[in-house]
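Before we start, here is the structure in question, set down as structure tokens.
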Amino acid sequence: MNADAEVMRFVTGAPVPAEDTVASMAAWVTDQDGLGFWAGFLGDEFVGVWCLCRDDERPGVAELAYRLPRSAWGRGLATEGAAALVAHAFEVAGLERVTADTMTAHAASRNVLERLGLALDSTRPGETPVGGWEDGEVVYGIDRAAWAARAAASVWDAEAADFDLAADHGLTDPDVRAAWRAVLIDALPPAPARVADLGCGTGNLSLLLADEGYDVAGVDVSPAMIDRAVAKRGGRPTPSFTVGDASRPPLTGPFDVVLCRHVLWALPDQVEVLRRWSRLLGPAGRLVLVEGRWSTGAGLTAAETLALLARAGRPGVVRPLPEPALWGREITDERYLVTA
């Protein structure tokens, strides 16, 4: 692989002699405290090398790189291997950021990085005799939060087609819709208050509130969910719907209400998220959170949510939500609304 001039065109600009590759092999096979180099195979076929190397000057940061023989090009393997290493960086190695650099002229490598969700950070001069050095190099990066949002988007995209089948999601049953309308109208200031509906899914709560005269901005990490929300809205100008991470909503305040249903429990750094949401609010604004500790064992108890809010500087008041009309069935687990 290293002796192939075309493979090394954007790496060293020339083939690497076999003796130099052999001399460097010790570094390639050393475990770097859970990082280092991985060799890729399909059956017995060698299809390339991927690596995560720690940044000695920035704790919690590693650089991603990969190199494939020409026989493995054009098969999606660079992306597949790199995606596995990025997941390893955040899920196993506990890193906070992954970076990667390539030549500006190396379009194929840039495409891989962009498919992985790495964003362009900076540019720098290239080095001769690497091909295209005159155009310099580009540096890409992704942090833990951005990666987690992309992972969540993939999961929820897969759920979008069936999301509205649950009675409390689709609100297609008139009794369920009326029950949620009553709960929300009681918890919110009068219309036309401005509401940020974070983790809005397919937009049903946003649309319900817009029908009541509220000015609603819905945000969801899943493009497929947002596509369905926009389709339901039709030709109406409101509510607005935006693809974005609910924990870092791409919205400009002030809002009168930040509404979030069944999202907080799944987010990392929950206290910081609550502080971030609070910064979207005006002086008299309120957080309205619908959460639960479900029969699956997932979720947050009311006491846990109140403790998180207290740490974020926003004491809350709980309203239990046991009514079957809200869920389309009898429930035995803990479900509630908190206003803070």
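Any read-out appearing in this document is the output of simple, stated calculations on the displayed coordinates, not a laboratory observation. Every value quoted in this text rests on a predicted model; they were computed, and no experiment measured them. Reconstructed Cβ throughout: ideal geometry from the backbone, glycine too, with neighbour counts over all protein chains shown.
In debye, nearest 20: dipole of the range 1-105 around its Cα centre with unit charges on the Cβ of K, R (+) and D, E (-)?
On the way: 7 positive and 16 negative charges, 60 e Å.
That gives the range 1-105 a dipole magnitude of about 300 debye.
Helix 144-159 versus the longest principal axis of the chain: what angle, 0 to 90°, nearest 10, using Cα atoms?
Result, in degrees: 60.
Pick from I142, I226, I185 the residue whose mean-square fluctuation is largest in a GNM of the chain, springs joining Cα atoms under 10 Å.
I185
On a 0 to 90° scale, report how tilted helix 223-233 is relative to the longest principal axis of the chain, with both axes built from alpha carbons and the result rounded to the nearest 10.
40
Shifting gears a bit: Cut-off is 10 Å between beta-carbons; in what order do L116, L207 appear when sorted fewest neighbours first? Present the calculation step by step, with values, prior to reporting the outcome.
Working: L116 20, L207 23.
The most exposed by this proxy come first: L116, L207.
Of F10, P320, F37, which is farthest along the charge dipole of the chain in the positive direction, counting Lys and Arg as +1 and Asp and Glu as -1 at C-beta?
About the Cα centre, the residue reaching furthest to the positive side is P320.
Let a ≥ b ≥ c be the square roots of the eigenvalues of the Cα gyration tensor of the range 225-340; is it rounded (a/c under 1.5), or, if not, prolate (a/b larger than b/c) or oblate? Before the final figure, lay out each step's value.
Working: a/c = 1.80, a/b = 1.15, b/c = 1.57.
Oblate, because a/c is 1.5 or more while a/b does not exceed b/c.
Report the relative contact order of the range 104-179, percent, no decimals, based on alpha-carbon pairs under 8 angstrom and at least 6 residues apart.
On the way: 61 pairs, mean separation 16.4, N = 76.
Once divided by the residue count of the range 104-179, the mean separation gives 22 percent.
Taking the dipole about the Cα centre of the range 180-327, with the C-beta of Lys and Arg at +1 and of Asp and Glu at -1, give me whichever of A224, P250, T301 is farthest to the positive side.
Going by the Cα projections, it comes out as P250.
Right, next: In terms of the Cα gyration tensor, with a ≥ b ≥ c the square roots of its eigenvalues, is the range 65-145 rounded because a/c is under 1.5, prolate because a/b exceeds b/c, or oblate? Before the final figure, lay out each step's value.
Values: a/c = 2.35, a/b = 1.31, b/c = 1.80.
In terms of gyration-tensor shape, oblate.
Can you tell me what share of the DSSP beta bridges in the chain is antiparallel? A percent to the nearest 5 is fine. Each step should come with its number before you reach the end.
Values: 37 of 59 bridges.
In the chain, DSSP labels about 65 percent of beta bridges as antiparallel.
Can I ask one more? If r is the Cβ-Cβ distance from A178 to E6 and R0 is 51 Å, what FRET efficiency results, to the nearest 0.05?
Details: r = 67 Å, r/R0 = 1.31.
Given R0 = 51 Å and the Cβ-Cβ separation, E is 0.15.
Which angle between 0 and 90 degrees, to the nearest 10, do you get for helix 18-28 versus the longest principal axis of the chain when only C-alpha atoms count?
30
Taking the Cα centre of the range 171-239 as origin and charging only Cβ (+1 Lys, Arg; -1 Asp, Glu), how large is the dipole, in debye to the nearest 20?
Values: 7 positive and 9 negative charges, 39 e Å.
Around 180 debye, computed over the range 171-239.
Which shape class applies to the range 140-213: rounded if a/c is under 1.5, otherwise prolate when a/b exceeds b/c and oblate if not, where a ≥ b ≥ c are the square roots of the Cα gyration tensor eigenvalues?
Numbers: a/c = 3.52, a/b = 1.63, b/c = 2.16.
Cα axes put the range 140-213 in the oblate bin.
Further question: Any chance you could list P(r) for the range 18-152, counting all Cα-Cα pairs in 5 angstrom bins from zero, rounded to whole %?
Going from the shortest bin to the longest, the percentages are 2, 10, 18, 21, 22, 18, 8, 2, 0, 0.
What's the magnitude of the charge dipole for the range 166-339 around its Cα centre, counting Lys and Arg as +1 and Asp and Glu as -1 at the beta-carbon? Answer in Debye, nearest 20.
On the way: 19 positive and 20 negative charges, 88 e Å.
For this selection, approximately 420 debye.
Just from its helices, what would the mean residue ellipticity at 222 nm be for the chain, if runs of 4 or more DSSP H residues each count -39500 (n - 2.57) and the sum is divided by every residue, rounded to the nearest 500 deg cm²/dmol?
Numbers: 11 runs with 111 residues, N = 340.
Taking each H run of at least 4 residues, the total per residue is -9500 deg cm²/dmol.
For L95, L259, what's the fewest-to-most ordering of other Cβ within 10 Å of each Cβ? Before the final figure, lay out each step's value.
On the way: L95 23, L259 28.
Going from sparsest to densest Cβ surroundings: L95, L259.
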